[in-house]
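Participant: This structure is in structure tokens; I'll ask about it shortly.
The values are calculated or read from the model by the stated rules, or taken from the named source; none is laboratory data. A quick note: this is a predicted structure, and the numbers were derived from the prediction, not measured. Note that each Cβ is placed from the backbone with ideal geometry, even for glycine, and that neighbours are counted across all protein chains shown.
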Amino acid sequence: MNKPLLLKFIVMGFITLLLLVPLSLIHSMIQERGAYRNSVMANIASSTSRDQLLVGPVMVVPYTKTVTQWRKTENDKGVDAYTSKQNGQLFFLPETLKVAVQMKTELRKRGIYQATLYHAAINMRGTFKLPQDYGIVEGLESYTFQTPFLFMSVSDVRGIKSTIDVRFDGEDKSVAPGTRVAAFSNGVHVPVMQNIDHSEQADDTAFDLNFRLQGTSRLSILQLGKETEIAMTSDWPHPSFQGNYLPSTHEIGERGFSANWYSSHFANNVHQYLPVCARAQRCEDLMASAAQVALIHPVDHYVKSNRAIKYALLFVGLTFAGFFLFEVMKQLKIHPVQYSLVGISLAAFYLLLISLSEHIGFVWAYIVSAAACIFLLGFYLVNVLQSAKRAWLFALSLGLLYALLYGVLDSEDYALLMGAILLFAVLSVFMIATRKLDWYVAAKEYFPQDKQGKVT
């Protein structure tokens, strides 16, 4: 290969490597702005109310158990008995639990950032059925039972925005703060059934709870009933259903969504996990049974900008390859400074994209940034390529690349496929355009030499 031609390739590669410096700085800035946005959203949540996890209602029966033990006497000639008291709690889940949630949302802004808050009107109703002697088979005489109570846990109690109306067994009950259960520190409890006769199988006892709950971004409801039904409606059009239990049915439209969950204790094993969580405070398995919905923003301009800049090197390489193709086929000479200026303008596209997207949204920011870059290069290349037709043809080709890149960014599921097709299509165009080009002849024409082999 002609040495000047090889030198040209080396210079182009060196300029491309130098452009990695501003591109990496812009990439770091995108990540920094995204992290700052997340901290602002967390700050908004901390000053209002955070994501909410709702647990309950659960029936709790406190007890004191008298335990008799034997020990050796002081002279080791015999044994005597002594007693100790052990306190504990028995937990009973609802036979049926039906939860209805009507959610309205609002955007809470701080500067240019915003967080999604929801206000949920929640109704929980169902039945409890306590077994005879609370399920104690042996040693019942050693148990002393206290007044049963219901508890309901809310992960951030600041979100409770109304009094909690509780009706149990046809009577209105008073709600007291605190759950009285160590594993669930935040919440409320309701004393019930002071004069219960536990010696017989209890009939189904109905309960009904109504309250309003505020939270940020995500609502999770533990499916605690032997049969649990959850019906949720909201005016937010972009829900993300998460966790191990997706809704059995859901509808999503421009005006909001509705979703329904159904679960039984055969499927979620909460009747096994709740005692382990309450006593040993190992609650991972229990929390996995929650029905979860997150209120997301479908266009995260930081994520898309971060994905877009990953294609920056490909853009620079394709642009430089196009320039070089014009040089060889049209016998033009483009100075390395001109290569550098074009490369910097391509890097400026990503800076414009992230800065504008914070104010006008990602789509319009992409359109404005791409248009600015295309028109700037079209105007500049009129003299570089020595033809207005060549310049604007090149600019339109760049515009097509930007349009294809947006398609890749907007289709996350098919991004890899579309990126591979794009790269293969561009490679095919270059190979077809140069299939009849004699590179040795082109090199001599582009870099003419005198008899001593020096470039003239």
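Participant: Across region 346-369, what is the number of residues that are in contact (Cβ under 8 Å) with a residue 24 or more places away in the chain and surrounded by 16 or more Cβ atoms within 10 Å (Cβ to Cβ)?
Facilitator: Residues flagged as in contact (Cβ under 8 Å) with a residue 24 or more places away in the chain and surrounded by 16 or more Cβ atoms within 10 Å (Cβ to Cβ) within region 346-369 amount to 13.
Participant: Does G159 qualify as being in the same structural domain as C283 (by TED's automatic domain parsing) and either surrounded by fewer than 16 Cβ atoms within 10 Å (Cβ to Cβ) or of a type in the set (D, E) (or both)?
Facilitator: Considered against the rule, which asks whether it is in the same structural domain as C283 (by TED's automatic domain parsing) and either surrounded by fewer than 16 Cβ atoms within 10 Å (Cβ to Cβ) or of a type in the set (D, E) (or both), G159 comes out as no.
Participant: Taking interchain pairs and intrachain pairs at least six residues apart, which have beta carbon atoms under 8 angstrom, with the first residue in region 103-122 and among the charged types (D, E, K, R) and the second exposed (fewer than 15 other Cβ atoms within 10 Å of the Cβ)?
Facilitator: K104/D235; R110/N43
Participant: For region 7-42, which residues satisfy the criterion of being touching a residue at least 40 places away in the same chain (Cβ under 8 Å) and of a type in the set (S, T, N, Q)?
Facilitator: Listed by number, the residues that qualify are T16, Q31.
Participant: While we're here: Starting from region 257-274, keep only residues that are without any contact (Cβ under 8 Å) to a residue 24 or more places away in the chain, then list their pairs with residues that are outside any strand (DSSP E or B) and hydrophobic (A, V, I, L, M, F, W, C) whose Cβ atoms are within a distance under 7 Å, requiring at least 6 positions of separation or different chains.
Facilitator: Once the first residue is without any contact (Cβ under 8 Å) to a residue 24 or more places away in the chain and sits in region 257-274, its partners that are outside any strand (DSSP E or B) and hydrophobic (A, V, I, L, M, F, W, C) give Y273/L286.
Participant: Mind counting the residues in region 286-303 that are farther than 26 Å from L117 by Cβ and at pLDDT below 80?
Facilitator: Residues meeting the conditions: 0.
Participant: Something else: Specify the residue that is farthest from the chain's Cα centre (by Cα); the eligible residues are those in region 279-297 that are among the hydrophobic types (A, V, I, L, M, F, W, C) and more than 18 Å from K226 (Cα to Cα).
Facilitator: Out of the qualifying residues, it is A280.
Participant: Free of Cβ contacts under 8 Å to residues at least 60 places away in the same chain, part of a helix (DSSP H, G or I) and either charged (D, E, K, R) or on the phi < 0 side of the Ramachandran plot (or both) - does that describe any residue in region 305-322?
Facilitator: no
Participant: Could you please find all residues in region 321-367 being among the β-branched types (V, I, T) and over 28 Å from the mean Cα position of the chain (by Cα)?
Facilitator: Residues satisfying the conditions are V328, I334, V337, V342, I344.
Participant: Here is a further query. Checking the structure you have, find out if any residue of region 220-234 is part of a strand (DSSP E or B) and modelled with pLDDT under 85.
Facilitator: No, every residue in region 220-234 fails to be part of a strand (DSSP E or B) and modelled with pLDDT under 85.
Participant: Quick one: is I334 surrounded by 15 or more Cβ atoms within 10 Å (Cβ to Cβ) and modelled with pLDDT under 80?
Facilitator: yes
Participant: Out of region 136-176, which residues are touching a residue at least 12 places away in the same chain (Cβ under 8 Å), of a type outside the set (A, V, I, L, M) and part of a strand (DSSP E or B)?
Facilitator: Across region 136-176, the qualifying residues are Y143, T144, F145, F149, F151, S153, D165, R167, F168, K173.
Participant: Collect the residues in region 43-61 that are closer than 15 Å to G111 by Cβ, surrounded by fewer than 17 Cβ atoms within 10 Å (Cβ to Cβ) and touching a residue at least 60 places away in the same chain (Cβ under 8 Å), keeping them in residue-number order.
Facilitator: N43
Participant: Quick check: is even one residue across region 138-148 modelled with pLDDT of 85 or more, within 36 Å of the chain's Cα centre (by Cα) and more than 30 Å from I354 (Cα to Cα)?
Facilitator: no
Participant: Are any residues in region 324-340 free of Cβ contacts under 8 Å to residues at least 60 places away in the same chain and either under 15 Å from A391 (Cα atoms) or touching a Gly at 6+ places or on another chain (Cβ under 7 Å) (or both), and if so, which ones?
Facilitator: L332, I334, Q338
Participant: Here is a further query. Among the residues of region 59-81, is there at least one that is at pLDDT 80 or above and assigned to a loop (DSSP other than H, G, I, E, B)?
Facilitator: Scanning region 59-81 turns up no residue that is at pLDDT 80 or above and assigned to a loop (DSSP other than H, G, I, E, B).
Participant: Of the residues that make up region 207-214, is at least one under 22 Å from V101 (Cα atoms), at pLDDT below 90 and in contact with a Pro (Cβ under 9 Å, 6 or more places away or on another chain)?
Facilitator: No, region 207-214 contains no residue that is under 22 Å from V101 (Cα atoms), at pLDDT below 90 and in contact with a Pro (Cβ under 9 Å, 6 or more places away or on another chain).
Participant: If you don't mind, another one. Here is a list of conditions, (1) assigned to a helix (DSSP H, G or I); (2) in contact (Cβ under 8 Å) with a residue 60 or more places away in the chain; (3) farther than 22 Å from F430 by Cα, and V293 meets all of them except one; can you say which number that is?
Facilitator: (1)
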